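The structure under discussion appears below in the form of structure tokens.
The values are calculated or read from the model by the stated rules, or taken from the named source; none is laboratory data. None of the values given here were measured: they were computed from a predicted structure. Here Cβ is always computed from backbone atoms with ideal geometry, including for glycine, and neighbour counts include all displayed protein chains.
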Amino acid sequence: MPLPLDMYQIRGARPLQGIVNISGSKNATLPLMTAALLSDEPSYIENVPNLRDVRAMIKLLQHLGAKVTFNAGTLKIDPRAFNVDSVHYDLMVRMRASFYAMGPMLARLGKAHISMPGGCAIGDRPVDIHLRGFEELGVRHHHRNGYIHAMHNSLVGTRLSLMGPNGTSVGATCNVMMAAVLAKGTTIIDDAAREPEILELANFLNSMGARISGQGTGILKIEGVKKLFGTNWKVCPDRIEAATFAVAALATHGDVTLRGVQRTACASTLFALEQWGAAMDWPEPDVLHITRGKKEKRPLHIVTEPFPGFPTDAQSQLTALLALTPGTSHIRETIYPERFKHVPELNRLGANIRAAEKGKIEISGVPALEGAAVMASDLRAGAALIVAALAAHGTSQVRRIYHVDRGYEMMEEKLRTLGAVIERQKETAEDPGMESLSLSAEEEDVTLGGEAAEG
Ligand code: UD1
């Protein structure tokens, strides 16, 4: 019999109060880990969050031949024995970011046989833009039996665009950049993604001896070099974890200080929260103190966009806050138009959210949410349900939190430090919603005394 899954049991309606340290960024760490394969010297990466996705990436690097150790937040990646040119389905299916292995495999080994990543709860997630970028550098590829088989005689720099139907691609920019650093000649990526994680990867590669400029501007120039060296690096803080804790502080009427907030990386989220009415001050340059403040709370009209726009990864958490905000808010999701799996679950907690049209929701604020059993469908949907459960009256169960474990380090420990009543338990058939339905023996006699026994 399969083991029962973990869930959170949360007693809500308690203001979060205190100080929380934001961990290193998941989305920055994952491409740095495969980028370390581009050298034949060891690299050391500090401030790495201990997450399921990081542990899955360690397994992938080890499968490829690298030696990896992970101690007290520091990864040592020794790529000297990196020589495996295939990645099977089981390693790809765990995490889409496994596809980040392809750029380094092409650059160092000249070929890659890699399982197609699967679909995903937040919507269709193709890899055509990655493959188009590699093709421009001289890679030939074909698909067979769910695998991409790719090879080249040499990678040659060129001018290319990574624009897709929903804007430019973060993953393709990382992957193509990793292949281009060891290509012959210069590669210019027009329409490169501008996310802070791209900046981090470009700077990491430069610290290994790459020659990349323009990071953060949308046009990346990569002058190929013959060889890269090992490096020492400290990962930047996680802007989505910061957004999640900021929103949780506001939804619970809390008073929270977040240590490790990069102001530019979080600018659009902070701007939205300011418009909403939050009070924020900065006791130190990367320390944010956030409360609801005295201003009237206003509904928001948000469109998710590539950086520097509002991040899709903070959309579901913000939805939970807007569910408790007077008036009608709207969210248009332009990156993953189907990324609304959290909506029916928030409605189970008493929210009033409707699909307005494809890719858009309308949120009518309610005065309070009430505890219920809900289920996380993906990482950020899980985060949104935790925010809502922390704000809700009564007890909630947030099930399937293995999704949350992919991307939040020590979530329950951090929340408990802030005064939350949250416990990790095994999923059971018990449902907190049933408590309010359970009747005293006397009432039961009366209610079930006759027809109620029917059926
Ligand atoms: C990364 C982040 C993810 C975030 C997303 C958008 C990591 C590990 N993940 O994912 O958390 O939500 O950026 O900020 O950093 N697309 C294509 N073809 C492709 C690639 C992408 O059509 O080959 C589309 C996607 O379906 C999506 C859009 O382009 O609509 C942006 O996706 P992309 O930026 O590539 O996201 P990821 O890198 O997968």
Meets criteria (farther than 15 Å from residue 8 by Cβ, among the basic types (Lys, Arg), more than 14 Å from the ligand (Cβ to nearest atom) and in contact with a strand residue (DSSP E or B) (Cβ under 8 Å, 6 or more places away or on another chain)) for residue 354:
yes
Could you grab me the full set of residues in the range 144-173 that are near the ligand (Cβ under 7 Å from one of its atoms) and either closer than 15 Å to residue 99 by Cβ or outside the structural domain of residue 104 (by TED's automatic domain parsing) (or both)?
164, 169, 170, 171, 172
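To keep it simple, each residue is scored yes or no on (1) of a type in the set (Val, Ile, Thr); (2) part of a helix (DSSP H, G or I); (3) touching a Cys at 6+ places or on another chain (Cβ under 6 Å); (4) surrounded by fewer than 16 Cβ atoms within 10 Å (Cβ to Cβ).
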| site | (1), (2), (3), (4) |
| --- | --- |
| 18 | no, no, no, yes |
| 27 | no, yes, no, no |
| 54 | yes, yes, no, no |
| 58 | yes, yes, no, no |
| 62 | no, yes, no, yes |
| 83 | no, no, no, yes |
What number of residues within the range 373-414 are touching a Ser or Thr at 6+ places or on another chain (Cβ under 6 Å) and among the hydrophobic types (A, V, I, L, M, F, W, C)?
6
May I ask you to list the residues in the range 174-196 that are away from the ligand (no atom under 12 Å from the Cβ) and charged (D, E, K, R)?
184, 190
Flagged in the range 368-418 as within 16 Å of the ligand (Cβ to nearest atom), part of a loop (DSSP other than H, G, I, E, B) and closer than 22 Å to residue 48 by Cα, in numbering order, are 378, 406, 407, 408, 409
Unique match (being surrounded by 21 or more Cβ atoms within 10 Å (Cβ to Cβ), within 22 Å of residue 312 (Cβ to Cβ), among the polar types (S, T, N, Q) and at pLDDT 95 or above) among 269, 264, 252
269
Pairs where the first residue, in the range 264-290, is over 20 Å from residue 254 (Cβ atoms) and the second is aromatic (Phe, Trp, Tyr), C-beta under 9 Å, 6+ apart
265/307; 268/307; 268/310; 271/310
Take the range 109-131 and flag every residue that is surrounded by fewer than 21 Cβ atoms within 10 Å (Cβ to Cβ) and more than 9 Å from the ligand (Cβ to nearest atom).
109, 110, 111, 113, 115, 116, 118, 119, 121
Per-region count, the range 182-197, residues touching a residue at least 40 places away in the same chain (Cβ under 8 Å) and over 17 Å from residue 132 (Cα atoms)
6
State all residues of the range 327-340 that are without any contact (Cβ under 8 Å) to a residue 40 or more places away in the chain and either surrounded by 22 or more Cβ atoms within 10 Å (Cβ to Cβ) or of a type outside the set (Lys, Arg) (or both); if no residue qualifies, say none.
327, 328, 329, 330, 331, 333, 340
Checking residue 105 against (1) assigned by TED's automatic domain parsing to the domain that holds residue 149; (2) closer than 30 Å to residue 399 by Cα; (3) not in a strand (DSSP E or B): exactly one of these is not met. Which one?
(2)
